[in-house]
1. Please give me the summed charge of the neighbours of A:A170: other residues whose Cβ is under 12 Å from its Cβ, Lys and Arg +1, Asp and Glu -1.
2. Output needed for the stretch B:70-198: three equivalent-ellipsoid semi-axes, defined as square roots of 5 times the C-alpha gyration tensor eigenvalues, in descending order, whole Å.
3. If R0 is 45 Å, what FRET efficiency do you get for B:T57 and A:E129 from their C-beta distance, rounded to 0.05?
4. Quick one: net charge around B:P93, please, counting Lys, Arg +1 and Asp, Glu -1 for every other residue with C-beta under 10 Å from its C-beta.
5. May I ask you to derive the relative contact order of the stretch A:18-63, considering only C-alpha pairs under 8 Å and at least 6 residues apart, and to give it as an integer percent?
6. Dipole of chain B, Cα-centred, from +1 at each Lys and Arg C-beta and -1 at each Asp and Glu C-beta, to the nearest 20 debye?
7. Most mobile of A:E132, A:E107, A:E176 per a Gaussian network model of chain A (Cα springs, under 10 Å)?
8. As I understand it, the value is the acute angle between the Cα axis of helix B:65-87 and the longest principal axis of the Cα atoms of chain B; what does it come to in degrees, rounded to 10?
Protein chains: 2
Amino acid sequence: MLSRLAGMAVRDSVDVESRARARTRRAILDAAITVLSQHSAASLADVADAAGVGRTTLHRYFPERAELLTALSADVLARIDAAAVRSQLDHGPAPAALERLCQELFELGDILMCVFSQPELVDTQTWEECSEADKALTRLVERGHAEGTLDSTLDPIWVQQVLWSLLYAAWQHTREHSVSKHRALDLCLRSLRKVVAASPGRLAERPVQDP
Amino acid sequence: MLSRLAGMAVRDSVDVESRARARTRRAILDAAITVLSQHSAASLADVADAAGVGRTTLHRYFPERAELLTALSADVLARIDAAAVRSQLDHGPAPAALERLCQELFELGDILMCVFSQPELVDTQTWEECSEADKALTRLVERGHAEGTLDSTLDPIWVQQVLWSLLYAAWQHTREHSVSKHRALDLCLRSLRKVVAASPGRLAERPVQDP
DNA sequence: CCCTAGTGGAGCACAGATGTTCCATTAGGG
DNA sequence: CCCTAATGGAACATCTGTGCTCCACTAGGG
């Protein structure tokens, strides 16, 4: 029943119609990711052009800009969750698992930059409640604390912040300066590793100086 | 001569006029920082409201949106440079100097977030060529490399990227989760310290895995 | 106290983005 | 091969943000 409603027209078979439409839909979403990751205020005409479709067609799929953004958000979240699944966060040593996640997320490229350039795209509330990736990452960090392989003074939320901001730094590094993706990822992983490593002994060596 | 031109009207004394105008100008710039740091696409009416002035007045100071952004950019750059000067990057051990810079920049608050939400505000070309802060930071990192107090596998540009992205992470941390500024700065400094610390011995322990 | 710089509001024109409709054309499945 | 879903383009109304003008009002300095 739902599938008939989703298809905008009454058809016998369900997937046959989807062929062309699914392809167009993907092209639009991919274009939206590319365009909006670089200029979050880009017009729908820009997105349509990048997707190689007419503005009218774009409107058939997403009657309002908000609907495109909603779909984009869902797509981004799904890809991030998929990356988390591929990383198998519950297996092996915590630091290694975290690095696998970092690599998988790095591969998402423009999708990452979308999240940064449009924070409203990923509502923090929804994210923390619905995202499996968030929960898995929290579990991972807590496991690392228990194992003694991750710095126990860094709570899961901060580790997540650092992971994302280092990924942003890495991609920005490739965009602005002519640095290879490989080099950027290397720096990113190396830095992440050092941040989360359990500090051997001398903790809080230099406390914050209040001015 | 220039001061008469800057005053938009022919006056005998120069600073008398500036009193009111300078106050209004600052109010507008401060409001622009606050508003645009949270929503980079905010309208000029929003900025005027936040500044407590009419839209007409805002137009008298900045006839076009671009001019407001230019002034905003100059203001932001000046504040960043001032923060760098206060940090005395050329004095003392390199890691400590870097932490002083981090603290000074952290205090800039919304100004930082402006730079992130509107990367076009700070053109990388202009920044690297004109900013004294950039040069001082580069010198600092190179000094740290020579001293052996900073990880020599991290080039100055990457250190700068990490510094900024950690600052972003810290502020985001206070905004989204109810974390005190003090705690956020503490996490930020601790993380920065670990990233830039010269690795004792075992470098490149775990190279990037190409998939 | 008076005068002028500074301000605020209303109003107007313009530009760009958006949402919508209609029609001609094309591609792909039955 | 034929038919229909799918598409693209043109045209239109609307809306928002912007840039600009004019006029009335107010506060602060001489």
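1. Once positives and negatives cancel, what remains is +1.
2. 22, 19, 12
3. That gives a FRET efficiency of 0.55.
4. Net charge around B:P93: -1.
5. Relative CO of the stretch A:18-63 lands at 36 percent.
6. Details: 24 positive and 29 negative charges, 132 e Å.
In total the dipole reaches around 640 debye.
7. Taking springs between Cα atoms under 10 Å, the residue moving most is A:E176.
8. Helix B:65-87 sits roughly 50 degrees off the main axis of chain B.
The values are calculated or read from the model by the stated rules, or taken from the named source; none is laboratory data. The structure displayed is predicted, hence computed values, not measured ones. Please note: Cβ atoms are built from the backbone with ideal geometry, for glycine as well, and neighbour counts cover all protein chains shown. These area figures cover heavy atoms from the full protein model, side chains too; ligands, DNA and RNA do not enter into them. Shrake-Rupley method; radii C 1.70, N 1.55, O 1.52, S 1.80 Å.
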